[in-house]
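One structure is given below, represented as structure tokens, and several questions about it will come after.
What follows draws every value from the coordinates through simple rules; no lab data is involved. On a predicted model such as this, the values are computed, not experimentally measured, just so you know. Note that each Cβ is placed from the backbone with ideal geometry, even for glycine, and that neighbours are counted across all protein chains shown.
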Amino acid sequence: MEWIIFAGVAFLVTMQMVPLKRWKILWPLGLVAMLLIYFIDNTLIGLKAFAYSSVSPVISGIPIPYLISGFPGGILLGYFCPRELWPRSLYILLAAFVFLVLELIMFWLGHFYYINWSPVKSFFLNVGGFTVFIWVTDWLGVLRNKEAFFE
């Protein structure tokens, strides 16, 4: 249930912050985010870094609603991503910190637990994951024409 709420909040926040007419351009961002979440979390669960303590339906140990929450999360992350290198770098650090705070809340609520992991490792993984996400979506051409989002 907790991951359904998490996904619902992710969709509501993204719908409030990103105009729905932009979703038709940005939907590939959501798919890339879901794929990255799956590959990263599946790998780390397999390496016994952490585990989810959810009773929700899961795929490879990952709660499906959490995986789905990556869709609006990817749209939100990409929509506000600056084009220039330094602002983009600061944006990635800020996004990694915000995501770490969300992770710690879910950890404190008991919805997943660390095995061989720590918040510091999570922060650096978030920075790396968000960097790869931005690089892949830029490579796909979704972020290259960002000015068109605001016309």
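Output the residue which, of all residues in the range 22-77 that are polar (S, T, N, Q) and within 15 Å of Ala10 (Cβ to Cβ), is surrounded by the most Cβ atoms within 10 Å (Cβ to Cβ).
Step by step, filter the range 22-77, then rank; the result is Ser69.
Please go through the range 60-80 and give me each residue that is of a type outside the set (Phe, Trp, Tyr) and within 13 Å of the chain's Cα centre (by Cα), ordered by number.
Hits for the range 60-80 are Pro65, Leu67, Ile68, Ser69, Gly70, Pro72, Gly73, Gly74, Ile75, Leu76, Leu77, Gly78.
Exactly one condition in (1) farther than 20 Å from Thr14 by Cα; (2) buried (at least 20 other Cβ atoms within 10 Å of the Cβ) is false for Asn126; which is it?
Among (1) farther than 20 Å from Thr14 by Cα; (2) buried (at least 20 other Cβ atoms within 10 Å of the Cβ), Asn126 violates only (1).
Another question, if that's okay. Here's a check for you: in the range 97-116, which residue that is part of a loop (DSSP other than H, G, I, E, B) and out of contact with any Lys or Arg (no Cβ under 9 Å at 6 or more places or on another chain) is farthest from Ser56 (Cα to Cα)? Explain how you work it out, then say what you get.
Pass one, the range 97-116, residues part of a loop (DSSP other than H, G, I, E, B): 109-111, 115-116.
Adding the requirement that they be out of contact with any Lys or Arg (no Cβ under 9 Å at 6 or more places or on another chain) leaves 109-111.
Details: Leu109: 15, Gly110: 14, His111: 11 Å.
Here the answer is Leu109.
Those residues that are among the small types (Gly, Ala, Ser) and farther than 26 Å from Lys24 by Cβ, I need them from the range 57-105; list them, please.
Ser60, Gly61, Ser89, Ala96
Among the residues of the range 86-95, are any among the aromatic types (Phe, Trp, Tyr), crowded, with 20+ Cβ neighbours inside 10 Å and more than 24 Å from Lys121 (Cβ to Cβ)?
The answer is no; no qualifying residue exists.
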